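One structure is given here, and the rest of the page talks about it.
The values are calculated or read from the model by the stated rules, or taken from the named source; none is laboratory data. The shown structure was predicted, so the numbers you read here are calculated from the model rather than taken from an experiment. All Cβ positions, glycine included, derive from the backbone under ideal geometry; neighbour counts span all protein chains shown. These accessible areas exclude ligands, DNA and RNA; they are computed on the full protein's heavy atoms, side chains included. Shrake-Rupley method; radii C 1.70, N 1.55, O 1.52, S 1.80 Å.
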Amino acid sequence: MKENEQFMDEAIKLAIEGVLADDGGPFGAIVVKDGKIVGKGNNHVTSTNDPTAHAEVMAIRDACKNLNTFQLTGCVLYTSCEPCPMCFGAIYWARLDKVYYAANRNMASYHGFDDSFIYNEVNIVLDQRRIPFLPLCTDKGVIPFREWENKDNKVKY
């Protein structure tokens, strides 16, 4: 069996184990660097009451902890399902090199995990979204950025 398929099998195995353990939804993910698994995760949304505890996020967190870094350049993510918009963002912030997925978003939707409304919301005018995004105290919003700019020992990302 090819190495990529073995890694995907591991992600799928984590998804199944999570379902059987009542951790959350049917999702699993691993992060691989130099042919070794450096991070693992499965969905823990319902067991931890954390809507951000998706498999990909859990695997990214685990890999970052294990590698002692906040950037995963040189790493590949294998996930049992095409990432949702939140995980998509996390993948880009983590700067992973590549993502392999098994099931696609249509398969997830068919089984009750439909992210299309989020994908659609991104392109809607801010104050017309289901959850309105309204500017407030915009003149004060620059203050943290000024503090950041004045900081001598900042870690850029």
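What the table below lists for this structure:
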{"read-out": "Taking the range 48-110 and dividing mean pair separation by its residue count, relative contact order in percent (alpha carbons under 8 Å, at least six apart)", "value": "36 percent"}
{"read-out": "Distance from the range 113-150 to the range 1-67 (C-alpha centre basis), Å", "value": "29 Å"}
{"read-out": "Å² of accessible area per residue within the chain, as computed with a 1.4 Å probe and no ligands counted", "value": "67 Å²"}
{"read-out": "With DNA, RNA and ligands ignored, accessible area of H111 (1.4 Å probe; Å², nearest 10)", "value": "120 Å²"}
{"read-out": "Rounded to the nearest 20 debye, dipole of the range 87-157 from Cβ charges on Lys, Arg, Asp, Glu", "value": "180 debye"}
{"read-out": "Proportion of all alpha-carbon pairs of the range 6-51 beyond 16 Å (%)", "value": "36 percent"}
{"read-out": "Cβ-Cβ FRET estimate between W148 and Y92, R0 fixed at 30 Å, reported to 0.05", "value": "0.90"}
{"read-out": "Simple label model, 7 Å out from Cα along Cβ direction - K36 to R130, nm", "value": "4.3 nm"}
{"read-out": "Flagged links, alpha-carbon separation over 24 Å, of K36/K65; K40/K156; K65/K156; K2/K40; K40/K154; K2/K98", "value": "K40/K156; K40/K154"}
{"read-out": "Probe 1.4 Å, all protein chains present, accessible-area order of E149, E82, E17, largest first", "value": "E149, E17, E82"}
{"read-out": "Label point 7 Å beyond Cα of Y100 along Cβ direction - residues of the range 30-45 with amide nitrogen under 17 Å", "value": "30-41"}
{"read-out": "Coordinate range along principal axes, alpha carbons of the chain, Å, largest first", "value": "57, 39, 26"}
{"read-out": "Size of electric dipole in the chain: Cβ of Lys, Arg +1 and of Asp, Glu -1, about Cα centre, debye, nearest 20", "value": "480 debye"}
{"read-out": "Accessible surface ranking that places the most exposed of K151, K140 first, with a 1.4 angstrom probe", "value": "K140, K151"}
{"read-out": "Share of pairwise Cα separations in the range 64-157, more than 23 Å, in percent", "value": "52 percent"}
{"read-out": "Carbon/sulfur fraction of accessible area - the chain, other protein chains in place, 1.4 Å, %", "value": "56 percent"}
{"read-out": "Candidates per trypsin sites (Lys or Arg not before Pro) in the range 1-91, loop by DSSP, up to 10 other Cβ within 10 Å", "value": "K2"}
{"read-out": "Mean separation of Cα contacts under 8 Å, 6 or more apart, over the residue count of the chain: relative contact order %", "value": "16 percent"}
